[in-house]
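Worksheet for the structure shown next.
The values are calculated or read from the model by the stated rules, or taken from the named source; none is laboratory data. These figures come from a predicted structure and were not determined experimentally. Neighbour counts run over all protein chains shown; Cβ positions are idealised from the backbone, glycine included. With ligands, DNA and RNA removed, areas are computed over all heavy atoms of the protein, side chains included. Shrake-Rupley method; radii C 1.70, N 1.55, O 1.52, S 1.80 Å.
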Amino acid sequence: MIFTKVVVVGGGFAGLNVIQPLRKANLDIMLIDKKNHHLFQPLLYQVASAALSPADIATPLREIFSMQKNTTVIMGTVEKIEKEKKQIVLANGDIVSYDYLVLAPGARHSYFGNDQWEPLAPGLKTITDALKIREKILVSFEKAERMDSISEAEKFLNFVIIGAGPTGVEMAGAIAEIAHKTLFKNFRRINPEKSKIYLVEAAPRVLPPFPEKLSIKARKNLEDMGVRVVTGELVTDVTEEGVQVGDDFIPARNIIWAAGNQAAPFLKTLDVPLDRQGRVIVESDLTVPGYPELFVIGDAACAMGKDNKPLPAIAPTAIQQGRYVSKIIKKQIPKKKRRPFRYFDKGSIATIGTNKAVGYVGKILMSGFLAWLTWGFIHVFYLVSYRSRFTVMLNWVFHYMTGLRGARLIHKGLDEEMIILKQKLEKK
């Protein structure tokens, strides 16, 4: 028997929701991902803020599909797509052919043409990113403890988060809790409570996609937690010394980027129209124009909603798109008979800190403890494995009862960095 070959690039929410409904289909499915795991990105900030460990929110792809006999998992990086030949070229030169191709590679952070800022202001998209940020946050308190000058110590106790979408808001709230609660009695020469956390947003308000009432509520919650919120101002420069925001300069050694996304570079090899973020402008059935067998979904796709605006690059969008494409492939629906993809907005929710969150479902707005509890249940429900659900819930209960964060390990030494730092200070 000759099986139809389906290749899916990307093991995120979109990719998983294409493959899993096809477990009993007579298909030869191949999943290609440059990582060996599915990452639950909505909780990645909790790894960066030492509340969870990487294994709590990441599950090996081979484990996920170990019982799905028609699916093969390949770890590899896609170099280019040769759509005329119906084949993919991997970075090592391997060629993979397909009958159906689903591209769901996700996205990386974008610095809007200022890529030189990346080493100074890391983004948050992968486990590696999260661990770097976590280490930087924890090491900063250690460096501040060893500073002889109060002014120099203060630079390490200043944190700037650029971008006040859900990730930025959640990250700002988490750092505020670390400084004001978790590390409250851990140091002798510095007072972590005096840390200054800045959240910078170019738009007029935080959480721009949310209803204005919730944005106002979120800002108040953040400010009550000690976060200094700056809105309506652009970041014009990022240096080792800090961030230029409008006419003001914020001295800081801790800068986190949460301001924009950029699609995977290999999408350019499709030679089709892309939007400003490098996403493929897809047709109503999420295919590339002229190629009914080639789908682009998730953060890699620019798909229009009912209001003729691009759909939000969030997990619910990716999940719904994955299931839609899965049905087309399973039933082998020809192009002319495919119904247009319709996104159902189930609402959105963002947590700010313990007992603090804002969210909406349709016209129903919620905030405070109820929203926070709802946020927790939703995120646990969407975790892939039962082990992850149990571990995350256990960690959250521990954190809720004690205020402590269990993943506060620093893996590198500090003496070499302190020598370099002192040499720089002496030159000044």
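Looking only at residues of the stretch 25-53 that are closer than 17 Å to residue 124 by Cα and aliphatic (A, V, I, L, M), we find that the one that is nearest to the chain's Cα centre (by Cα) is 44.
Restricting attention to the stretch 114-130, the residues being free of Cβ contacts under 8 Å to residues at least 60 places away in the same chain and open to solvent by less than 40 Å² (accessible area, probe 1.4 Å) number 0.
Just a yes or no: is a residue in the stretch 142-154 under 28 Å from residue 355 (Cα atoms) and either surrounded by 24 or more Cβ atoms within 10 Å (Cβ to Cβ) or at pLDDT below 90 (or both)? No: the stretch 142-154 contains no residue that is under 28 Å from residue 355 (Cα atoms) and either surrounded by 24 or more Cβ atoms within 10 Å (Cβ to Cβ) or at pLDDT below 90 (or both). Residue 316 meets each of the listed conditions (1) open to solvent by 40 Å² or more (accessible area, probe 1.4 Å); (2) touching a residue at least 60 places away in the same chain (Cβ under 8 Å); (3) within 27 Å of residue 275 (Cα to Cα) apart from (2).
Taking the numbered list (1) open to solvent by 40 Å² or more (accessible area, probe 1.4 Å); (2) on the phi > 0 side of the Ramachandran plot; (3) touching a helix residue (DSSP H, G or I) at 6+ places or on another chain (Cβ under 8 Å) in turn, residue 232 passes all entries but (3). All of (1) outside any helix (DSSP H, G or I); (2) at pLDDT 85 or above; (3) open to solvent by 50 Å² or more (accessible area, probe 1.4 Å) hold for residue 164 with one exception: (3).
Residues are listed down the side, and each one gets a yes or a no for (1) touching a Pro at 6+ places or on another chain (Cβ under 9 Å); (2) more than 15 Å from residue 45 (Cβ to Cβ); (3) free of Cβ contacts under 8 Å to residues at least 24 places away in the same chain:
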site: 132; (1), (2), (3): yes, no, yes
site: 146; (1), (2), (3): no, yes, no
site: 156; (1), (2), (3): no, yes, no
site: 162; (1), (2), (3): no, no, no
site: 187; (1), (2), (3): no, yes, no
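Residue 106 - would you say it is at positive phi and either buried (at least 16 other Cβ atoms within 10 Å of the Cβ) or touching a residue at least 60 places away in the same chain (Cβ under 8 Å) (or both)? Judged against the criteria, residue 106 is a match.
Between 85, 80, the distinction of being open to solvent by 30 Å² or more (accessible area, probe 1.4 Å), in contact with a strand residue (DSSP E or B) (Cβ under 7 Å, 6 or more places away or on another chain) and either assigned by the TED database to the domain that holds residue 10 or part of a loop (DSSP other than H, G, I, E, B) (or both) belongs to 80 only. Go through the stretch 262-279 residue by residue and tally those that are open to solvent by 50 Å² or more (accessible area, probe 1.4 Å) and of a type outside the set (A, V, I, L, M). Qualifying residue count for the region: 8. Just to be sure before I move on: is residue 111 open to solvent by less than 30 Å² (accessible area, probe 1.4 Å), closer than 21 Å to residue 262 by Cβ and in contact with an Asp or Glu (Cβ under 7 Å, 6 or more places away or on another chain) in the structure I sent? When the stated conditions are applied, residue 111 passes them.
Only one entry in 240, 201 is surrounded by fewer than 20 Cβ atoms within 10 Å (Cβ to Cβ) and over 30 Å from residue 337 (Cβ atoms), namely 240.
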